[in-house]
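Notes to accompany the following structure.
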Amino acid sequence: MANGEREVGGDAPAGGFVQLLTPDGERVDSVTTADGTTYTVDFTDDEYRELYRDLVTVRRLDAEATALQRQGELGIWASLLGQEAAQVGSGRALRPQDMAFPTYREHGVLYCRGIDPIMPFGLFRGVDQGGWDPNEFKFNTYTIVIGAQTLHATGYAMGITMDGKTGNADGEAVIAYFGDGATSQGDVNEAFVWSGVFNAPIVFFCQNNQYAISEPLERQTRIPLYRRALGYGFPGVRIDGNDVLASFAVTRAALDQARNGQGPTLIEAYTYRMGAHTSSDDPTRYRIASEVESWKAKDPIARVKAFLTKQQLADDTFFDEVDEAAKTLALDLRERVLAMPDPQPVTLFDNVYPHGSPEIAAQKAEFERYHASFEGSH
Ligand SMILES: Cc1ncc(C[n+]2csc(CCOP(=O)(O)OP(=O)(O)O)c2C)c(N)n1
Ligand SMILES: [Mg+2]
């Protein structure tokens, strides 16, 4: 095994992955990778139950958003269906001081950061640009430009090092989310180079959901994605992305290494996008139904439910209560979405710069004159 590479044995996919909870709901005590790192979790019964609640809640919120889009209330929606474990596990692994840089699909991580889940609804309704304060919640605004946030995250990680905020157990660390398709972008490769040579305190969290819109993984890479890390000089580890425990354990360990001055890690969360790329996409045109069916058997939520049931940590009363609470939250979001006021078109100029600029002021005035010219006409 090459230096720095973390590979584990196992069945599919080739190369294996870190898995602490099987699709049948069996706990694997710990997994030791080829470089000698051992991953495990030590949750209380309550913590297991709360992870289950997180998973169910984010799936329910996502389903509500999909329904709202279909009813014409959101312009578009990028669903996280199937990726709940990757997001909740890594999101809960963040410590309060850690900074996250999401794509446009990280609604589960957003939820774990304590941001009001209404926020992405407003963004995809087109009534704001993502209304949360990235500094307050340590969660950057969504980035649609594929891979760009990995460079922002790298710069941020280098910055906190220069500010002396890393290098010990209480230090800060950074996580950058991106997809399998993004790994082909120049930005992501540049982020790997810079993070590697500057030993930046960053975790690259790739949700390999097997597709970049219609392009399958084999059009992005000839080797497992986590192995790319080796070429940049830092460790790569593949996890079962449908296992919330593996996602938590490996992300927590990688972030702690980063904050302690041990540099970057690439985590490849091997998962599957159960739905369409976005509500504008029709996946039946490029993938077969049996593939989707085979991933249903690896559902990230069903396995936690099976585990809780087998271990007698929860019963139907608990599961029903979780469903009911998630439904109440979703219906509340629906009401709030329908009540969102449409912004005045002219406000689009207001948030370009924090303190405006003469050019923007001139463009705004011209826009206002143009619209005023229609007054009185039919
Ligand atoms: C620089 C850039 N190129 C192209 C696009 C169009 N685009 C939007 S999503 C997407 C696919 C991204 O796939 P992946 O990185 O696997 O993320 P996923 O959506 O599967 O989570 C593309 C090409 C874009 N947004 N930005
Ligand atoms: Mg993808």
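The values are calculated or read from the model by the stated rules, or taken from the named source; none is laboratory data. Keep in mind that this is a model prediction, so the values were computed, not measured. All Cβ positions, even for glycine, are placed from backbone atoms using ideal geometry, and neighbour counts span all protein chains on display. Note: areas computed on protein heavy atoms with side chains; ligands, DNA, RNA excluded. Shrake-Rupley method; radii C 1.70, N 1.55, O 1.52, S 1.80 Å.
Suppose we keep just the DSSP beta bridges with both residues in region 31-338; what percent of those would be antiparallel, to 5? Before the final figure, lay out each step's value.
Details: 4 of 25 bridges.
Among the beta bridges of region 31-338, antiparallel pairing accounts for roughly 15 percent.
The distance from the alpha carbon centre of region 232-255 to that of region 188-202 is 17 Å, rounded to a whole number.
Taking 0.36 nm per residue of separation and subtracting the current Cα-Cα distance, fully stretching the chain between Asn189 and Glu291 would add 33.7 nm.
Modelled label positions at Ser214 and Arg27, each set 7 Å beyond Cα in the direction of Cβ, lie 4.6 nm from each other. The angle between the Cα long axis of helix 358-372 and the main principal axis of the chain comes to about 60°, on a 0 to 90 degree scale. Shape class of region 194-272 from the alpha-carbon gyration tensor: oblate, with a/c at 1.5 or above and b/c at least as large as a/b. Stretching Val352 away from Glu366 to a fully extended chain increases their span by 3.4 nm, per 0.36 nm per residue minus the current alpha-carbon distance.
Please sort 213-226, 101-114 by packing, taking for each peptide the average over its residues of neighbouring beta carbons within 10 angstrom, highest first.
Numbers: 213-226: 14.9, 101-114: 23.9.
So the peptides 213-226, 101-114, ranked by packing, come out 101-114, 213-226.
Dipole size of the chain about its Cα centre, with +1 on Lys/Arg Cβ and -1 on Asp/Glu Cβ: approximately 720 debye, rounded to the nearest 20.
Placing +1 on the Cβ of every Lys and Arg and -1 on the Cβ of every Asp and Glu, with no other charges, gives region 1-152 a dipole of roughly 480 debye about its Cα centre.
Protection proxy ranking for 151-160, 262-271, using the average of other Cβ atoms within 10 Å per residue and placing the highest first: 262-271, 151-160. Per residue, the Cα convex hull of region 31-338 amounts to 132 Å³.
Among Val56, Val88, Val322, determine the one that fluctuates most according to a GNM of the chain built with springs between C-alpha atoms less than 10 Å apart. Evaluated over the chain, the most mobile residue of the options is Val322.
Can you count the Lys pairs in the chain with C-alpha separation below 24 Å, eight or more apart or on different chains? Write out the running numbers ahead of the final one.
Working: Lys138/Lys165; Lys296/Lys305; Lys296/Lys310; Lys296/Lys327; Lys298/Lys310; Lys298/Lys327; Lys305/Lys327.
Counting lysine pairs in the chain gives 7.
Between the Cα long axis of helix 84-93 and the first principal axis of the chain there is an angle of about 80°, rounded to the nearest 10. Near Arg60, once Lys and Arg are set to +1 and Asp and Glu to -1 for all other residues with Cβ below 12 Å from its Cβ, the sum equals -3. Among 141-148, 332-339, sorting by the average number of other beta carbon atoms lying within 10 angstrom of each residue, highest first, gives 141-148, 332-339.
What part of the accessible area of region 31-338, given as a whole %, is carbon or sulfur when the probe is 1.4 angstrom? Walk me through the intermediate numbers first.
Values: 6120 of 12150 Å².
Result for region 31-338: 50 percent of the exposed heavy-atom area is carbon or sulfur.
With respect to the chain, whose longest principal axis is taken over its alpha-carbon atoms, helix 186-197 is tilted by about 50°.
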